[in-house]
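First up is the structure itself, then whatever we jot down about it.
Each reported figure results from applying straightforward, stated rules to the coordinates on display, with no laboratory input. Only a predicted model underlies this, so the values are computations on that prediction, with no experimental measurement involved. Cβ coordinates were reconstructed from backbone atoms using ideal geometry, including for glycine residues, and neighbour counts include every protein chain displayed.
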Amino acid sequence: MTLLTLDNVHTYYGNIHALKGISITVDEGEIVTLIGANGAGKSTTLKTISGLLYPRQGKVYLEDKDLTKFKAHEIVAMGVVHVPEGRRVFSRLTVMENLEMGAFTRKDKDGIQRDLERVFELFPRLEERRNQVAGTLSGGEQQMLAMGRALMSNPRILLLDEPSMGLAPVLVDLIFDTIRELNQQGMTILLVEQNALLALDVANRGYVLETGRIVLEGDAKKLKEDPQVKEAYLGGA
Amino acid sequence: MDKELKFTWKDMLKYGVIAGVVAIYVILVGMVEAFNERYIIAETINLGQIALFSPVFLLAYFAANNARKIKSSLFAIITSIVVGLIGGAFVAGLLVLGTHMNLRAVFLNVSPELLDILHLGQEGMAGAIAANLIISATVGLLGGLFALMPHKWSNALLVGLSLVLLMGILQELMTITFGNKDWYKPIGEFIYAKKGLSWGGTALFLVLGIVLNLWRSSDKLRPGKKVAKLPRQQQMAVQIVAMLLGLAILLALPKFLGSYPSEILTTVGIYIIMGLGLNIVVGFAGLLDLGYVAFFAIGAYTVGILTTTGKLATVEWNFWMALPVAIFLAMMAGVLLGIPVLKMRGDYLAIVTLGFGEIIRVVVLSDWLKPYIGGAQGILQIPKPKIGNFVFKGPQQIYFLVLAGIIIVGYIAWRLRDARVGRAWKAMREDEDVAEAMGIHLVSTKLLAFATGAAFAGLAGAIFAAKLGSIFPHSFNLIVSINVLSLIIVGGIGSLPGVIVGALILVGLPELLREFADFRMLFYGALLVAMMLVKPEGFVPEKTHARELSEKEPFSSEIEPEAPARETI
């Protein structure tokens, strides 16, 4: 079943035409990845979905609801949660306080407690450091915290923006293992990555973006074999 | 870090020169002369001398403290004496220069009286120079000894000396307040000489300060610890009793203190209400607002217009009818200001709010509105509030109005901080973008902060109008905004008790020292710079800020430079 649909979305930054007619779909339970170079419009796509930017044309649907009619905070409450790039944690708050902020839109105490346990199960490191100030965590831990905080709002779909950015290879593997595990638990994920190889490994399907347009789409395995993709994003061969 | 490991003769010289320059500055701005008549101890030591020698004392202390870490104690002592000598030489140099040249053309304050003070009681020039050098060196030595003392003792001594200084300053006020009370006479005669504390009083307060500090810092004796051990119910009971006791003291205060101190307290109280409001905007929500005085003015003018019985009389309501209108209008102004600045952050927000504050002041002064709000002549004959037969006529009565205002506003601020909206403010303060991604509605969250802050200022303004009975545009200067912001910073941004402490220090203290008025801004500036260097989180820090400013972030080895962008073809 299709959970998220973007239909011919055009987004502008002032006069700059950043997204020039993006159409993508994400089915329930899938990992879909958007790959492409810097400035291709990957992050802009995520921001348009989560309501941080408004498309000038086109629609974004969560099932049959038109998200472009809602504000960012309402979209979060509807279960679309964005993990912004660059490990944006509340650096002066503790790990626990960060996670509590993630549950801001919720009022079901039992559910929050359950999700907290789930996050700690997924990221045991966060439980060890629950009273530590987030700014003093390592880069990998901050990424975990950013993801854990997003999970605290009990999302239906997680929008991950460059989770591997600036992390050591070991940690990148750890983060991607977690993404896989989350997906196995049933989480739908839209993943934006510069590291195309990793992203296509973990994803079911993928879209290739170039300067605001989708130039290629299809099964992740097939994309990995595609000569064009290999040439441009997988370092030749 | 390498830099701190060295302490050479050059550093010694540097500290000495700084001490000298600061001392000369203090002299030239006129502080020494202005404070010279304010005796602290037994007609021997006055505030002018303290102002003159405190730069030497402080810098000798800092120098010795640094020297002590690297070299021997003896070296530290020598350092402090050298710093004192250099500082004294500067002052002596000024004395020589001032005697032989007319410095007054440039430095107005170099009067014959000032030069007389700098002679330090010696007749001839040689004697005066020697006195300066010897006393400075001695003061430097004291600073050095202070640095060498165990921390616990130097702390206690500092508290003792501060208490002596405070009680010395308070002499006039104490005499005005209690002078004609029977119970005070023997006490006053014991602790005070004709001018300043008596020797007995000095010793008493010094010892009292030291003992109090040692008692407070020894863990076993701390009352808080004992209470914490009690069962929960008893803890509650102790808290309630303490609160009632505190309230009783606060209620008895104006009667006990009399008119003048009550006047000071009401002024401080009005600033506390404003501080609590601005603290929501700046401290909780992280929105830097420099035009806060505008809401204070709106509150005051609303009450003025609606209640005045003078020339500009309109509806002649009573205070209680005008009060909600004043608060409501201030709140609306807060929202109106909030809407255009929703998208602005940091510096831009500060500049726009600064402009807003000035607009209100200029509008109030304008000829255009003069028929309604009086222009520069202001609004006169604002009646005092009444409840039944009780009229809030003087400071001793207005005090209760202010106290009630603080309690209500403080309670609201405290509850909001821990409520959902408080968490939203905190998230927004830390990172607006992420807050939005977490589902926080930025527009309503920001507007609520502006509106609440403005409403508090409106209340403060309303009380201010009722207190003075007349209002003039010049009471609503930018300086008010800056005062409120400074008191928040000094107390600790985001901290509720900090607002009270900040207001007492920045508003209360200068009121006690009339000579101080000219140097108020200098004192603010120096205090703010010192705070930023020594205690940036404020006197009573809020948890989150204390964390950021006191903990060094360990370098996290896992962060690598951002991956270079891959080339596209």
Restricting to DSSP loop positions (anything but H, G, I, E, B) with no more than 14 other Cβ atoms inside 10 Å of their own Cβ, which GluC sites (Glu not before Pro) remain in the range B:1-94? B:Glu37, B:Glu43
Rounded to the nearest 500 deg cm²/dmol, what is the calculated helix-only ellipticity per residue at 222 nm for chain A, with -39500 (n - 2.57) per DSSP H run of length n ≥ 4? -11000 deg cm²/dmol
Using only Cα atoms, figure out Rg for the range B:241-389 and give it as a multiple of 2.2 N^0.38 Å. 1.24
Identify, among B:Val159, B:Leu118, B:Ala128, the residue whose Cα sits farthest towards the positive end of the charge dipole of the range B:57-176, taking +1 on the Cβ of Lys and Arg and -1 on the Cβ of Asp and Glu, with the dipole about the Cα centre. B:Val159
Tell me which of B:Gln397, A:Asn8, B:Thr8 sits at the most positive position along the dipole axis of the protein assembly as shown, charges placed on C-beta atoms (Lys, Arg +1; Asp, Glu -1). B:Gln397
Isotropic mean projected area of the C-alpha convex hull, chain B (nm²): 36.8 nm²
Where the only charges are on Cβ atoms (+1 Lys, Arg; -1 Asp, Glu), what is the dipole of chain A about its Cα centre, to the nearest 20 debye? 700 debye
Between B:Ser259 and B:Ser154, how high is the FRET efficiency from 1/(1 + (r/R0)^6) when r is the Cβ-Cβ distance and R₀ = 41 Å? Nearest 0.05. 0.55
Whole-number D in µm²/s for chain A (Stokes-Einstein; Kirkwood sum over Cα pairs; 4 °C, 1.567 mPa s): 72 µm²/s
What is the magnitude of the charge dipole of the range B:258-475 about its Cα centre, with +1 placed on the Cβ of each Lys and Arg, -1 on the Cβ of each Asp and Glu, and no other charges, expressed in debye to the nearest 20? 520 debye
Please pull out the direction-averaged projected area of the protein assembly as shown, using the convex hull of its alpha-carbon atoms, in nm² to one decimal place. 44.6 nm²
Dimensionless Rg over Rh [the range B:153-221; C-alpha; Kirkwood]: 1.06
Which loop trypsin sites (Lys or Arg not before Pro) in the range B:147-203, with loop taken from DSSP, have no more than 14 other Cβ atoms within 10 angstrom of their Cβ? B:Lys181, B:Lys194
DSSP loop chymotrypsin sites (Phe, Trp or Tyr not before Pro) with at most 11 other Cβ within 10 Å: longest gap in chain B: B:369-554
Check which residues have an amide H placed less than 5 Å from A:Leu34's amide H, if you skip close sequence neighbours. A:Leu191, A:Val192, A:Glu193, A:Tyr207
I need the helices of chain B that pass two filters: whole DSSP H segments spanning 24 Å or more by Cα along the axis, and mean Kyte-Doolittle score no lower than 1.0. B:9-28, B:73-100, B:125-148, B:151-169, B:199-217, B:232-257, B:259-278, B:319-338, B:346-365, B:442-468
Just how large is the dipole of the protein assembly as shown about the Cα centre, in debye to the nearest 20, putting +1 at every Lys and Arg Cβ and -1 at every Asp and Glu Cβ? 2260 debye
Which of B:Ala313, B:Gly375, B:Ala333 sits farthest toward the positive end of the charge dipole of the range B:257-402, with +1 on the Cβ of Lys and Arg and -1 on the Cβ of Asp and Glu? B:Ala313
Report the antiparallel proportion of the DSSP beta bridges in the protein assembly as shown as a percent, rounded to a multiple of 5. 60 percent
Taking only DSSP H segments of four or more residues, each worth -39500 (n - 2.57), what value at 222 nm results for chain B once the sum is divided by all its residues, to the nearest 500 deg cm²/dmol? -22500 deg cm²/dmol
The extension gain from B:Lys194 to B:Ile482, computed as 0.36 nm times the residue separation minus the Cα-Cα distance, is 99.9 nm
